[in-house]
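Have a look at the structure below, then the notes.
The values are calculated or read from the model by the stated rules, or taken from the named source; none is laboratory data. Quantities reported herein were computed from a predicted structural model and do not represent experimental measurements. Glycine also receives a Cβ, built like all others from the backbone with ideal geometry; neighbour counts cover every protein chain displayed. Quick note on the areas: whole protein, heavy atoms, side chains included, nothing else; ligands and nucleic acids left out. Shrake-Rupley method; radii C 1.70, N 1.55, O 1.52, S 1.80 Å.
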Amino acid sequence: MARNPQLNKHGELQHLLTTEGLPRDVITRILDTAEPFAGVAEREVKKVPLLRGKSVFNLFFENSTRTRTTFEIAAKRLSADVINLNIATSSTNKGETLLDTVDNLAAMQADMFVVRHASSGAPYLIAQHLEATGRDHIHVVNAGDGRHAHPTQGLLDMYTIRHYKRDFTQLSVAIVGDILHSRVARSQIHALTTLGVPDLRAIAPKTLLPHDIERLGCRVFNDMREGLRDVDVVMMLRLQNERMQGSLLPSAQEYFKFFGLTEDKLALARPDAIVLHPGPMNRGVEIDSAVADGRQAVILPQVTFGIAVRMAVMAMLGGGNA
Amino acid sequence: MSLPDAEALLAGLAEQMRPHVTPDTALVGLHTGGVWVAQRLHAQLGLTQPPGALDVSFYRDDYAQRGLARDTRSSSLPFDVEGRHLVLVDDVLHTGRTVRAALNELFDYGRPQRVELAVLIDRGGRQLPVAPTYCATRYMPPDGQRVKLAQEDDRLLLRLAPDTE
């Protein structure tokens with residue numbers, strides 16, 4: 001069997017590309033390591049010196065304000081120097097290939113690349129290229145690639161669930177929305193099944209479900225009310241506006257009626273159920289404002305925990321290279 | 001030289017410190033053994049501030065060589081560091097590197113008025129200019145071994161373990 005490209009020969013994290021195939025003990029170690037990092041933000045000086053003198057390049061070939069910002073904050077709280085590449089004005093627009101861009105940045109003594117790309121597999125390609133050219137001291141973190149994976153989002157969701165619910169092996173979890181196009185959903189599903197969630201549900205219209213969803217370990221519900229019954233965790237997904245243009249969905253209003261999370265639908269879940277959303281939210285499309293601002297929403301804690309989880313991932317990657 | 005009795009060392013350390021602490025003095029234990037010692041000293045000295053605990057993993061100087069420790073815990077200082085008299089507490093003082101890391105971490109919480117160091121055992125082998133303010137005893141473990149503090153039924157005891165450094 002081929003070696004897991006994310007792990008080095010000692011079984012430790014070398015790159016973070018996907019939650020798929022990530023061993024349970026590695027996921028648990030990331031979550032455990034994030035806990036002390038969460039405390040760093042409470043102090044007078046919100047910084048630790050672990051990545052002092054290291055250069056982290058944020059390579060965002062696709063726009064994202066929030067993810068880029070939280071990676072930037074995480075790297076800066078680890079004392080790294082952060083370089084944000086604005087790809088819209090960069091050489092790729094002048095015809096440079098992805099790997100030429102990477103080679104040039106590596107020649108500037110990059111220590112870590114945080115990569116977001118519209119094409120699935122781009123971060124994997126970069127990681128493979130670095131290893132093939134003997135530069136395995138440079139680490140790659142996938143910040144979202146195509147429809148494939150968004151592992152730090154999946155992991156921060158796991159951190160959030162564990163923070164409120166403790167034991168994954170007792171939980172009913174529902175993922176609701178556009179699972180077909182969602183790299184977030186894929187990363188959540190792989191992490192949740194690895195952590196031993198016994199009841200994982202996918203709630204979506206048929207047109208927004210991947211064909212292999214049951215093989216991934218999900219029970220499918222096309223009726224949201226049925227799917228939410230007695231769940232402990234509701235994970236909402238963002239409905240991307242461009243999905244509305246084609247034939248997948250009739251209209252935002254219609255979608256909200258059947259798959260928008262409202263207070264009366266949430267009442268079918270357990271009374272202590274929590275509601276997650278990766279942001280940015282479309283209020284009145286996939287989630288009602290009363291729920292988004294309600295007592296069961298943990299959407300803003302997700303953002304805070306996300307910084308600690310990204311610090312943990314970068315700190316686990318950045319040490320032990322000498 | 002036989003292994004000293006940890007409970008006797010603890011009592012001796014408390015007596016050394018007693019004339020020099022006030023109820024507002026705060027103890028800061030270094031994970032893991034130092035936290036146990038700090039908890040016991042806190043009770044014996046009748047201090048009002050709850051003891052703090054530092055895990056210095058984020059400040060260690062061997063991160064580049066060895067990476068982040070597996071079982072890093074949260075540091076917690078449940079009092080205001082600013083202007084306070086602090087005593088760092090550890091079980092065994094060896095190279096001094098842990099103390100350096102602890103001082104660096106401490107100052108990210110604020111500017112203490114004074115910082116002292118209390119240890120049960122000074123086993124020599126310093127690599128940095130660090131000296132304890134209070135020290136219960138000096139003890140050299142045999143070659144290839146290190147001395148390790150354990151806690152059983154609320155009692156502290158010392159053991160020898162193979163030195164893996």
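Per-structure values
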| read-out | value |
| --- | --- |
| Kirkwood-type radius of the protein assembly as shown, with distances r between different C-alpha atoms, in Å | 24.9 Å |
| Cα-projected label distance for A:THR97 with B:ALA161, points at 7 Å along beta-carbon direction, nm | 5.1 nm |
| Compactness of the stretch A:151-299, expressed as Rg and Dmax over alpha-carbon positions, Å | 13.9, 41 |
| Virtual paramagnetic centre 7 Å along Cα→Cβ of A:ASP212, amide N under 20 Å, in the stretch A:161-181 | A:175, A:178-181 |
| Trypsin sites (Lys or Arg not before Pro), loop per DSSP, at most 10 other Cβ atoms within 10 Å - longest free stretch of chain A | A:10-165 |
| Difference of contour (0.36 nm per residue) and Cα-Cα distance, B:GLU152 to B:PHE107 | 12.9 nm |
| Estimated FRET transfer efficiency when R0 is 22 angstrom, pair B:ASP62-B:GLN145 (beta carbons, to 0.05) | 0.60 |
| Separation between Cα centres of the stretch A:37-79 and the stretch B:20-53, rounded to whole Å | 33 Å |
| Sites A:SER247 and B:THR32, calculated FRET efficiency, Cβ-Cβ separation with R0 51 Å, nearest 0.05 | 0.25 |
| Aspartates and glutamates whose Cα lies under 18 Å from that of A:LYS54, excluding same-chain neighbours fewer than 8 positions away | A:GLU72, A:ASP81, A:ASP103, A:ASP111, A:ASP136, B:ASP61, B:ASP62 |
| Probe 1.4 Å, accessible area per residue of the stretch A:132-275, Å² | 40 Å² |
| Nearby aspartates and glutamates by direct alpha-carbon distance to A:LYS206 (threshold 13 angstrom, same-chain neighbours under 8 apart not counted) | A:ASP178, A:GLU214, A:ASP223 |
| On Cα atoms only, tilt of A:65-77 relative to the major axis of chain A in degrees | 50 degrees |
| C-alpha long axis of helix A:98-107 to longest principal axis of chain A, angle in ° | 50 degrees |
| Average beta-carbon neighbours from other chains, 10 Å sphere, peptide B:101-113 | 2 |
| Within chain A, helix-based [θ] at 222 nm, where runs of 4 or more DSSP H residues each add -39,500 (n - 2.57), nearest 500 | -11000 deg cm²/dmol |
| Rg/Rg_globular for the stretch A:5-65, with Rg_globular taken as 2.2 N^0.38 Å and Rg from C-alpha atoms | 1.41 |
| Calculated over the stretch B:1-44: convex hull of Cα atoms, volume per residue (Å³) | 82 Å³ |
| In degrees, nearest ten, helix A:183-194 long axis to first principal axis of chain A (Cα) | 90 degrees |
| Pairwise centroid distance, computed over Cα atoms, of the stretch A:125-192 with the stretch A:223-289, Å | 21 Å |
| Average partner coverage of B:59-65, which counts Cβ from other chains inside 10 Å | 5 |
| Average partner coverage of A:290-301, which counts Cβ from other chains inside 10 Å | 0 |
| Cβ-derived FRET efficiency at R0 22 Å, A:ASP272 paired with A:ASP223, nearest 0.05 | 0.45 |
| Cα-derived Rg over Rh, computed across chain B with Rh taken as Kirkwood radius | 0.94 |
